[in-house]
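Just so it is clear, none of the values below were taken in a lab; they were calculated from the coordinates. Bear in mind the structure is a predicted one, so any value in this text is a computation, not a measurement. In this analysis, Cβ positions are derived from the backbone assuming ideal geometry, glycine residues included, and neighbour counts consider all displayed protein chains.
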Amino acid sequence: MSVVLQRAGAVLRIDVGAVVANWRLLGAAAGGTSCAAVVKADAYGLGAVPVCSALEAAGCSAFFVAHLDEGLHLRRHLRAGSRIGILNGTPPGTERDFVDASLTPVVNTMGELAAWRAHAGAMGRRLPVILQLDTGMSRLGLSPVDVEVLAADPALLHGLSVELVMSHLACADEPSHPANHAQRERFEALRALLPPAPASLANSSGIFLGGDFRCDLVRAGAALYGVNPTPGAANPMRPVVTLSARVLQTRDVDPGRGIGYGHRSIAPRRLRLATLALGYADGWPRNADTFAVFRGQRMPFAGRVSMDSLVVDATDCANPPLEGDMVELIGPEQTVDDVAHAAGTIGYEILTRLGTRFDRIYLDAPPGSGTR
Ligand SMILES: *Cc1c(COP(=O)(O)O)cnc(C)c1O
């Protein structure tokens, strides 16, 4: 074991090979429709550079991030031929940065469209654009009225080549929700008003809604990272992350002793406790009161999660962990989705919050992708 790992409080293992396997699986689930990787928020907290490098080596050539700066960072690591779309559009005055780094803006407003068109005119160059349509999520994108205005005046797209027309589903993780088909129908009706261009509607969960939702490109995020895109049914994805934390100290306490802040737990009998080097400052939700695992034995949390540590109850372990042992918090026995459920949130939020203090080990990452 390396010196670094001997010192680490907590270790996050990220199986980049599993991300690639998930990307292939999603492409197959999408019936061969090409699958773009959504790598915003540093690939949902897992590291955009190693994730994108591995996906690119496997043949993925379309990526989406939320912010311009995320795109600028990624561009330095990806091939010139890989396309990077910026979901949140063009902040005023940044058009030049998009062109210099060959980033494609997802245009969400008529104002952005005008600025991008003016920039193309000023440069005397045709510029790529992705148009996002609001088909019922009420978050981002051109309204149906905007689309009618565009349809009536082709000059509004002058100097631009529409690479993709896209929209985003609000309820894709609920397959029977009527909004899914309503959004799909509105998307088709609005697309028909615009010049022909490839289309994209589905996120991870949308891929599993059936062939009508796949269009020419699907945009997968969470499922790439092992989050279940089909809540309520078995998870078809391979797990990607394992999180383990070091035992800092063990102790035996007598019945009646309070444990942790606020003495939220009181020992009901003599207990064997182990304190782990992981807390809410590492992104573990303070309200996710679950368990840790040591050699197949589950140890429930005892007392409140602190900033840098938490306490587990190892009393019932035949083979309890000793100081210095690593115990597992996310892994085969407790998935990202399980932790999310315990915290009353979704796997997306657990992943994107996982902290910056961990030691990270990338399994199967391509050489030179910024991993140790
Ligand atoms: C985040 C995002 C995605 C990816 O969604 P997942 O549910 O993580 O697959 C796709 N499209 C848009 C517009 C997004 O914002």
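List of remarks:
- Amide H to amide H, with H built 1.01 Å from N, Asn108 comes under 5 Å of Thr90, counting only residues 5 or more places away or on other chains.
- ³J(HN,Hα), Karplus 6.51/-1.76/1.60, whole Hz, each residue of the stretch 210-221, x for Gly, Pro: x, x, 4, 9, 8, 6, 9, 7, 10, 10, 9, x
- Under Karplus coefficients 6.51, -1.76 and 1.60, residue-wise ³J(HN,Hα) of the stretch 266-272 in Hz, glycine/proline x: 10, 4, x, 7, 5, 10, 9
- Its Cα gyration tensor gives the stretch 215-312 an equivalent ellipsoid. The semi-axes, each the square root of 5 times an eigenvalue, are 35, 14, 13 Å from largest down.
- Net charge of the neighbourhood of Gly211, taken over other residues with C-beta under 14 Å away and scored Lys/Arg +1, Asp/Glu -1, is -1.
- Amide H to amide H distances under 5 Å link Ala292 with Met299, Phe301, where only residues 5 or more positions off or on other chains count and H is placed in the peptide plane.
- In whole percents, the pair-distance distribution calculated for the stretch 3-106 from its alpha-carbon pairs, binned every 10 Å from zero, is 14, 42, 28, 13, 3.
- Over the chain: helical MRE at 222 nm, DSSP H runs n ≥ 4 each giving -39500 (n - 2.57), nearest 500: -8000 deg cm²/dmol
- Value in Å of the Kirkwood radius, where the chain supplies the Cα pairs that are averaged: 22.5 Å
- Under the Karplus curve 6.51 cos²θ - 1.76 cosθ + 1.60, θ = phi - 60°, whole-Hz ³J(HN,Hα) for the stretch 344-353, x wherever Gly or Pro sits: x, 9, 10, x, 4, 6, 4, 4, 6, 8
- Each Lys and Arg Cβ is given +1 and each Asp and Glu Cβ -1; about its Cα centre, the chain then shows a dipole of about 720 debye.
- Averaging Cα coordinates gives a centre for the stretch 298-372 and one for the stretch 274-291; these two points are 8 Å apart.
- Look at the alpha carbon pairs under 8 Å that are at least 6 residues apart: their mean separation over the length of the stretch 248-372 gives a relative contact order of 23 percent.
- Taking every C-alpha pair closer than 8 Å and separated by at least 6 residues, the mean separation divided by the residue count of the chain gives a relative contact order of 19 percent.
- Prolate/oblate/rounded label for the stretch 12-72 (Cα gyration tensor, a/c 1.5): oblate
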